[in-house]
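Remarks on the structure that follows.
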Amino acid sequence: MKGKFLVFLTGVITGICIGAALLYKMQLKALEKLNAKTDKFKQYYNTLNQWLNNKDDGKSSVNFFKRNGYQSVAIYGMGELGNRLYKELRNSDIKIKYVIDQSIDYLNHEVSVMSPEDRLEAVDVIVVTPTFAFEDIRSKLKAKINCPIISINEVLYEIDGN
């Protein structure tokens, strides 16, 4: 009887340990997802804060494009940052040839809306607004088009050529 109880107790303890380990692993994954989301929003905050600082100083992203000789652009990502860039450039000398977004069915713009899988027309530069995924997006676009592919942060932090 004592031997059966020890076998049973060992099974229970083993089950508890395995359950605890699985629960720990699940919580660790959830924490990693939460940290990734937090990092994404921190990047957006920093980008928008720089944009506001530029505005307060009377600086416009139009200056960056003119200084670098970029006359035609495509904007990748039409979330909040992409829409802000679009609004800032649309009434300037910089021509927005098209925008690129995965959710093309939900976008309604005055310019062409392209999917990342579409054949992309030549432009002087593509500006990627989802900063958290910039490297992945840039590597995919480089395989499709031959032009500079830059982050919105490059535009905002280098308006004056610094």
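Can you pull out every residue in segment 43-91 that is in a strand (DSSP E or B) and among the aromatic types (Phe, Trp, Tyr)?
Taking segment 43-91 first, the residues in a strand (DSSP E or B) are 72-76.
Once the filter is applied, which keeps residues that are in a strand (DSSP E or B) and among the aromatic types (Phe, Trp, Tyr), segment 43-91 yields only Tyr76.
Which residues, taken from segment 147-162, are closer than 15 Å to Ile75 by Cα and part of a loop (DSSP other than H, G, I, E, B)? Write out each step before concluding.
Kept after step one, since they are closer than 15 Å to Ile75 by Cα, are these residues of segment 147-162: 147-156.
Correct list: Cys147, Pro148.
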Q: Tell me, yes or no, whether segment 84-104 has at least one residue that is among the hydrophobic types (A, V, I, L, M, F, W, C), without any contact (Cβ under 8 Å) to a residue 24 or more places away in the chain, surrounded by fewer than 19 Cβ atoms within 10 Å (Cβ to Cβ) and over 19 Å from Gln43 (Cβ atoms).
A: yes
**Q.** Matching residues, segment 69-128, being of a type in the set (S, T, N, Q), more than 20 Å from the chain's Cα centre (by Cα) and closer than 19 Å to Ile145 by Cβ
**A.** Gln71, Ser72, Ser112
Q. How many residues does segment 11-44 contain that are polar (S, T, N, Q) and over 30 Å from Gly79 (Cβ atoms)?
A. 1
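Taking into account only those residues within segment 61-78 that are surrounded by 19 or more Cβ atoms within 10 Å (Cβ to Cβ) and small (Gly, Ala, Ser), which is modelled with the highest pLDDT?
Kept after step one, since they are surrounded by 19 or more Cβ atoms within 10 Å (Cβ to Cβ), are these residues of segment 61-78: 61, 64-65, 70, 73-78.
From what's left, small (Gly, Ala, Ser): 61, 74, 77.
Values: Ser61: 92, Ala74: 96, Gly77: 92.
The selected residue is Ala74.
Any idea which of Leu81, Leu141 is surrounded by 14 or more Cβ atoms within 10 Å (Cβ to Cβ), closer than 19 Å to Tyr44 by Cα and in contact (Cβ under 8 Å) with a residue 40 or more places away in the chain?
Details: Leu141 fails: closer than 19 Å to Tyr44 by Cα.
After applying the criteria, what remains is Leu81.
Can you pull out every residue in segment 110-127 that is exposed (fewer than 14 other Cβ atoms within 10 Å of the Cβ) and over 14 Å from Tyr86 (Cβ atoms)? Outline the logic, then answer.
So in segment 110-127, the residues exposed (fewer than 14 other Cβ atoms within 10 Å of the Cβ) come out as 110, 115, 117-119, 121-122.
Of everything in segment 110-127, those that are exposed (fewer than 14 other Cβ atoms within 10 Å of the Cβ) and over 14 Å from Tyr86 (Cβ atoms) turn out to be Ser115, Glu117, Asp118, Arg119, Glu121, Ala122.
The values are calculated or read from the model by the stated rules, or taken from the named source; none is laboratory data. On a predicted model such as this, the values are computed, not experimentally measured, just so you know. Every residue, glycine among them, receives a Cβ derived from its backbone with ideal geometry; neighbour counts consider all protein chains shown.
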